[in-house]
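Step one of this worksheet: look at the structure below.
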Amino acid sequence: MSVITIQLGQCGNQVGREVFHAISKDLHSTHGLCSRKENDAYQAASKERFFSQEETGVPAARAVLVDMEPKVIGQTLSMALKSGSWKYDDQSHFCQKQGSGNNWANGYCVHGPKHKEVIMDLVQKEAEKCDRLSGFLTLLSMAGGTGSGLGAFVTESLRDAYPTLFLLNHVIWPYGLGEVIVQNYNSVLTLSHLYQTSDALLVHENDAIHKICAQLMNIKQISFQDVNQVIAHQLGSIFQPAYSSDGASQYSRSPLGDLMEALVPHPEFKMLGLRNIPQMSENSLAFSTFAWPGLLKHLRQMLIANAKMEEGIDWQVRPPLPGLPPSQKQSLNRTAHFNTSIANLITLRGKDVQTADLGGFRDPALYTSWLSVQDALAVWKTPRAFNKYEKSASLVSNSQFLLKPLDGVVAKAWKMFASKAYVHRYTKFGIEEEDFLDCFTTLEQVIASYSSL
Amino acid sequence: MTQSVVVQVGQCGNQVGCRFWDLALREYAAVNKKGLYDEALSSFFRNVDTRADGDAADISRGKICSLKARALLIDMEEGVVNEILQGPLRDVFDSKQLITDVSGSGNNWAVGHRLYGCQYRDRIVEKLRKAAERCDCLQCFFVIHSMGGGTGSGLGTFILNVLEEEFPEVYRFVTSVYPSGEDDVITSPYNSVLAMKELSEHADCVLPIENESLFDIVSKINQMTKSGKLGSCVKQSSLVTSGGIKPTKEKPFDAMNNIVANLLLNLTSSARFEGSLNMDLNEITMNLVPFPRLHYLVSSLTPLYTLADVNVPSRRLDQMFSDAFSKDHQLIRADPKHCLYLACALLVRGNVHVSDLRRNIERLKPSLRFVSWNQEGWKTGLCSVPPVGHSHSLLTLANNTCVKHTFLELKERFMRLYKKKAHLHHYLHTDGMEQSCFSEALSSLSDLIEEYNQLDVTNCGPAIDPPRLKIAM
C-alpha cells in the first residue's frame, strides 16, 4: 500500500526532500546484506509505498508540496531533480507569493480556506495514482505560520475528505530558543488542533537532533540540512518495509495502519516519539561492529530513562517494583524520572535479526496497568540492512517522553498570553482569545492524561 | 515573490534613497551573473523596454533591458531630486516617479503635512497606485524620511496616512532619521514630535536612526582604515566604493547614508534571496512587535567593515555577534544591553551556520535582560547570499526600552520651545493647524514613553507566573 506525503511550509519541504532522498538511497543501496530475493521484495514494497513509476523511468515521490512562498519549493524541486534517482512530480506542488509571516492564524484562517480546493485537488491526483492507499503523512513544523497553521487546516481537510484513511502528522518541535518568537503560541494552536483530528503525532525535537549531530555524528558546524538528514534517517528506519510478525511471508501492507494499531490503543494518547540506535558518522561506522544484545540493552535504557540518544543515558533509572499501589508508583516514577510507556514498536533491521532477544521490552513494569504486554509491544523485523548500518534498531514509543517539553511550551505560551502580548496579531485574522483558551484547555488535558500514567 | 515600493521624501529621504538604489544595483550586479531578470531583482526593480514609448508593459522574464526602481521621489524643492536625475542613477528613475515643488516647506511640519498634503494628495495617490499596479504581489512600502525638517517629517507622515487608507493590507516600514541635539533647525523638536504621533499611529514598524550615531560609526570606520594596524586597505571593488577609489567624489553624507542603505538591503535580503531559514518582512512585525504601538526597532549592523570600502582581516565570527549588542554599534545613541528587551531578531547573511547562531545566542543571553513573558524572545534568519565583497554580516533588530531615551530627549527639547510658545505662530498660520495638535502630539509621545516605563517598572520585581488552567480529572 502507498503513503502520500504532504510537505508543508519551509521546514516540511526541507525535511521531506531529505526523507525521500534517504529512502531512495537506501532503496538502491548495495549494502543490503540479504538474499537477492529478499532485496527485491524489499525494494518493490518500498517503491510502492513512496514512489510512483513515471514514463521517463525516474520514480516520482508520492508527495504534495505546499508552501505560501516560492523560494523553498523551487529549491526543493531542483535539488530532487539533480539527484537523478528520484524526483517530484512537476505538477504536484502549490505555492503562493507571500508567506504566512509566522502567524498561525494567517495560515489557518486565511490561506487554508482560500487554497483548500487547489491543494485537495493535488492530493486527489496523487491519490488516484495509487493502487491502494494506506493514508497520509504530513510533514510540518509547528513554529512558523504555513506549516503550523495551514498544516492544521490541511490535516482537517484530509480527515473530512478521506475519513477512513490513516493520518499521521510528523511535527518538528522547534528549538527552545531562537527560531520564532511566537512559536509557543503557534505550537499550542497547532498541537491542540492536530490532537483532535489526527490519528497520531510523531514528534522530532530540533534540540535533541541538534545534539545528535554534535555528539554522535561529530559535525562541527551544524546546518539545517544536517539536522534534517538525521530526522530523515530515523523516519526511513520505521517507514521502510519490515515484517510485522514472525513468520510473515509478505512485507507489511499497511504501514500506517499497522503503526497506529501497535501504538495508539486509546484516542486520548497519541504522542509518538522516535529513537534509534546506532547513529554515527559514516567514518566511524566503517570501524564499528554491533551485537544485538548491546544495542537492545541501550535502546531499552534510552526508553525508560527518556534519553534521545545512546550517549549520556542515565543508567540509574529503573522500572518501579511490581506490586506498588498506583499512587505511590506515580510519585516514585516522578522522582526517578522513569518514563512510563503506553505502547512501543520496535523495528529491527539487518543481520541475524531472528536471534535478537527482546525480553527486556516485555517487562510489564515498563507499561501502564491497563494494557497487557502482548498488546503494548509490537516488533517488526527484516534481514535487509538499512542505510549502511549492518544492524539497526528503532523504537517508536507512545510514552511520557514529551511531557516536559509540552509542559514547557504551554507554560511559556500561557505566560505570554497573560500579558496579552502578540494576541492582536491573531485576532486580526479571526483567532480570538476564546480560541486560545480552548487550545490551552485541550493541551492541559493531554498533559494531565500523560502525567497520570 | 513579493515586491516593495520605496517612498523617499524630503532632502534627507532622497539622499538616503539615492545611496540605497546605488548599493542595491551593485548588490544585484554581484549576485546576478547571468544578466537575466529574476524574482530577486523584481522585488525592487521593474524591467522595461525603454524603446517602446509611453507606458510600456513590464517584461517579466528574460534579459535585463532597462531597470526601473520601484520608487517614488518626493520633495518640495528641486535641488536634490534634480541632482539625482543628472547623476549616474538617472536611468533608474523616470519623470513619472517624481513629485517636486519649488518653494520648500521651510522646516515647518504643518506646511508639509497640511498644506502640501492637501495640495498633492491626488497626485501622490495616483503615482502610488501606478507603482502598486506594476507589482505582482506588493508586500511593503518603505518610507525614508527625516524627522527634523518640514517636507520629510510633515509630508512624509502625511503619505503614511495615505498609505494606510489606500493600501491597508500592505506593510508600512519607516526609516526615520532623528535630528541630533545640535541640529541647526530650530523648530526640529516641534517637527519631530508632531511626526512621532503619526509614526506611532500609522506605521507598522519604525527604524529610528540618529545622525550622531551614524557620524560616530563613520569616524570609527575611518579610524580603522587610517590606523592600518589591522592590515586594512581600501578595497578596489566593494559595494560602497563608487567606481574605483576617488574619495574626492564622495559627498560628506554619503558614508553615513550608505549605512542606512545597508540597513535596508540587509533587512530585505532574506526575503529576496535563498537561505536555509528564510525571514520574510511580515515575520519582522509578527515577531518583534508584541503591542501595536511599540513598533520602534533599534538596529545595529556588524561587522562595521561591511559598511565601508575597507578590507579588514576577518576577526572571529563571534565578535560580530558581541559587537551587535554593544552601545557603539547601534544606529541610535542607546544602550540596549542595559535596558529591557521585548524581542530581538538576528538576520544573518553569508557563511554562518545554525550552530554558530545557537552558540552565540546561548553565550549572549545571560548578559541581556528580557521581559518576563518573553524570556526566549529571539527570532533568527539565515540568508545564504552574503553582502558584496564580504563573507558574512549581521543585522540585529531589537525591540528594547532603551529607545525611550531618544524620545525623552526629544520631549525635553520640545518642552523648552513649547513652554515659551516659541515659533508656534509659524505653524498656526497653516490651515487646519491648531494648538491642540501640539498638545495631542505631546501627550501621544508621553504615553509612548510611559508604556516603555511601565514595562521597565513591572520587570524589576520578581516575576510571578500566572496560575495555569486546572483540569478536572
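The values are calculated or read from the model by the stated rules, or taken from the named source; none is laboratory data. Computed from a predicted model, the values in this text were never measured in an experiment. Methodologically, a virtual Cβ is constructed for each residue, glycine included, from the backbone with ideal geometry; neighbour enumeration extends over all protein chains shown. In case anyone asks, the SASA skips ligands and DNA or RNA and just uses the protein heavy atoms, side chains included. Shrake-Rupley method; radii C 1.70, N 1.55, O 1.52, S 1.80 Å.
Counting Cβ atoms of other protein chains within 10 Å of each Cβ in B:273-286 and taking the mean gives 6.
Counting alpha carbon pairs within less than 8 Å and at least 6 residues apart, what relative contact order, in whole percent, applies to chain A?
Numbers: 844 pairs, mean separation 80.8, N = 453.
Relative CO of chain A lands at 18 percent.
Give me the percent of Cα-Cα pairs in the protein assembly as shown that sit more than 53 Å apart, rounded to a whole number. Percentage above 53 Å: 21.
May I ask you to give the percent of accessible area on the stretch A:2-272 that is carbon plus sulfur, with a probe radius of 1.4 Å? Please report the intermediate quantities before stating the final value.
On the way: 4450 of 8990 Å².
Roughly 50 percent, rounded to a whole number.
Excluding ligands, DNA and RNA, what is the solvent-accessible area per residue of chain A at a probe of 1.4 Å, expressed in Å²? Mind showing how you got there, number by number?
On the way: 16630 Å² over 453 residues.
Accessible area per residue, chain A: 37 Å².
Measuring against 20 Å, Cα to Cα, the residue pairs A:LYS87/A:LYS114; A:LYS308/B:LYS365; A:LYS47/A:LYS87; A:LYS87/A:LYS125; A:LYS47/A:LYS129 contain A:LYS87/A:LYS114; A:LYS308/B:LYS365 as the ones spanning a longer distance.
Which trypsin sites (Lys or Arg not before Pro) from the stretch A:194-299 combine a DSSP loop assignment with at most 16 other Cβ atoms within 10 Å? Let's see the in-between values first.
Numbers: sites: A:LYS211, A:LYS220, A:ARG253, A:LYS270, A:ARG275, A:LYS297; in loops: A:LYS220, A:ARG253, A:LYS270.
Here the trypsin sites (Lys or Arg not before Pro) that fit, given the DSSP loop and packing criteria, are A:LYS220, A:ARG253.
Can you work out D for the stretch A:277-401 in µm² s⁻¹ from Stokes-Einstein, where Rh is the Kirkwood radius over C-alpha pairs, the temperature is 10 °C and the viscosity is 1.306 mPa s? In µm²/s, the coefficient is 103. Using only alpha-carbon positions in the stretch A:211-331, the gyration tensor eigenvalues give semi-axes of 27, 23, 16 Å once each is multiplied by 5 and square-rooted (largest first).
Calculate, in nm to one decimal, what A:HIS28 and A:PHE287 gain on full extension: separation in residues at 0.36 nm each, minus their alpha carbon distance. Spell out each step's value before the answer.
Values: separation 259, 0.36 × 259 = 93.24 nm, distance 2.27 nm.
Difference between extended and current length: 91.0 nm.
Ordered by solvent-accessible area of protein heavy atoms (1.4 Å probe), largest first, the residues A:LYS47, B:LYS63 come out as B:LYS63, A:LYS47. Under 23 Å between alpha carbons, and skipping anything fewer than 8 positions from B:LYS420 in its own chain: which lysines qualify? Counting by Cα, and skipping residues close in sequence, B:LYS420 has these lysines nearby: B:LYS197, B:LYS411.
Which of the peptides B:265-273, A:50-58, B:147-155 is most tightly packed, and how do the rest follow, judged by the mean count of other Cβ atoms within 10 Å per residue? All intermediate terms of the calculation are to be shown ahead of the outcome.
Working: B:265-273: 24.7, A:50-58: 14.1, B:147-155: 31.2.
Going from most to least packed, we get B:147-155, B:265-273, A:50-58.
If the segment from A:ASP363 to A:LYS297 were pulled out straight at 0.36 nm per residue, it would be longer than the present Cα-Cα gap by 22.5 nm.
Using only side-chain charges placed at the Cβ, +1 for Lys and Arg and -1 for Asp and Glu, the dipole size of the stretch A:277-401 relative to its Cα centre rounds to 120 debye. Say the cut-off is 25 Å between C-alpha atoms; which of B:LYS327/B:LYS404; B:LYS226/B:LYS337; A:LYS97/B:LYS34 go over it? Where the Cα-Cα span goes over 25 Å, the pairs concerned are B:LYS226/B:LYS337.
Assuming charge only on the beta carbon of Lys and Arg (+1) and of Asp and Glu (-1), the dipole of the stretch A:2-272 about its Cα centre is about 420 debye to the nearest 20. Inter-label distance, B:SER391 to B:GLN435: 6.4 nm, where each label sits 7 Å from its Cα along the C-beta direction.
Let me know the mean shielding of A:205-214 by other chains, meaning the per-residue number of their Cβ atoms within 10 Å of its Cβ.
Numbers: counts 0, 2, 1, 0, 0, 3, 0, 0, 2, 2.
So the per-residue partner count for this stretch is 1.
Would chain A count as rounded, prolate or oblate if I go by the C-alpha gyration tensor, calling it rounded below 1.5 in a/c and otherwise prolate when a/b exceeds b/c, oblate otherwise? Oblate shape, in that a/c is at least 1.5 and b/c is the bigger or equal ratio.
Rounded, prolate or oblate: which fits the stretch A:1-48 when a ≥ b ≥ c are the square roots of the eigenvalues of the alpha-carbon gyration tensor, with rounded for a/c under 1.5 and prolate only if a/b beats b/c? Since a/c reaches 1.5 but b/c is at least a/b, the shape of the stretch A:1-48 is classed as oblate. Both chains summed, the buried accessible area for A and B stands near 4500 Å², from protein heavy atoms and a 1.4 Å probe. For B:HIS423 and B:GLU182, the FRET efficiency from 1/(1 + (r/R0)^6), where r spans their Cβ atoms and R0 equals 22 Å, is about 0.80.
Computed with a 1.4 Å probe over protein heavy atoms only, the accessible area of A:TRP370 comes to about 120 Å². A:HIS337 contributes about 120 Å² of solvent-accessible surface, heavy atoms of the protein only, 1.4 Å probe. Extension gain for A:LYS220-A:CYS130 works out to 28.2 nm (0.36 nm per residue, less the C-alpha to C-alpha distance).
Grab the beta carbon distance between A:GLU434 and B:VAL125, set R0 = 22 Å, and tell me the FRET efficiency rounded to 0.05. For R0 = 22 Å, the calculated efficiency reads 0.05. Pairwise Cα distances in chain B exceed 39 Å in 20 percent of cases. Distance from the Cα centroid of the stretch B:67-108 to that of the stretch A:382-419 is 58 Å (rounded to whole angstrom).
Label-to-label distance for B:LEU469 and B:THR50 is 6.2 nm, based on points extended 7 Å past Cα in the beta-carbon direction. Considering only B:ASN32, B:ILE471, B:LEU155, the residue lying farthest towards the positive end of the dipole of chain B is B:ASN32, judged by Cα position with unit charges set on Cβ.
Given a Förster distance of 30 Å, report the FRET efficiency between B:ASN351 and A:THR441 from their Cβ-Cβ distance, rounded to the nearest 0.05.
Details: r = 46 Å, r/R0 = 1.53.
My answer for the efficiency is 0.05.
Reported to the nearest whole Å, the Cα centre-to-centre distance from the stretch B:398-473 to the stretch A:7-52 is 60. The label-point distance for B:SER326 and A:ALA448, in a model that sets each label 7 Å from Cα toward Cβ, rounds to 5.4 nm. Mean separation of Cα pairs under 8 Å and 6+ residues apart, divided by the residue count of chain B: what relative contact order is that in percent? Contact order relative to length: 15 percent. Net charge dipole, chain B: roughly 1340 debye, given to the nearest 20, about the Cα centre with Cβ charges of +1 for Lys and Arg and -1 for Asp and Glu.
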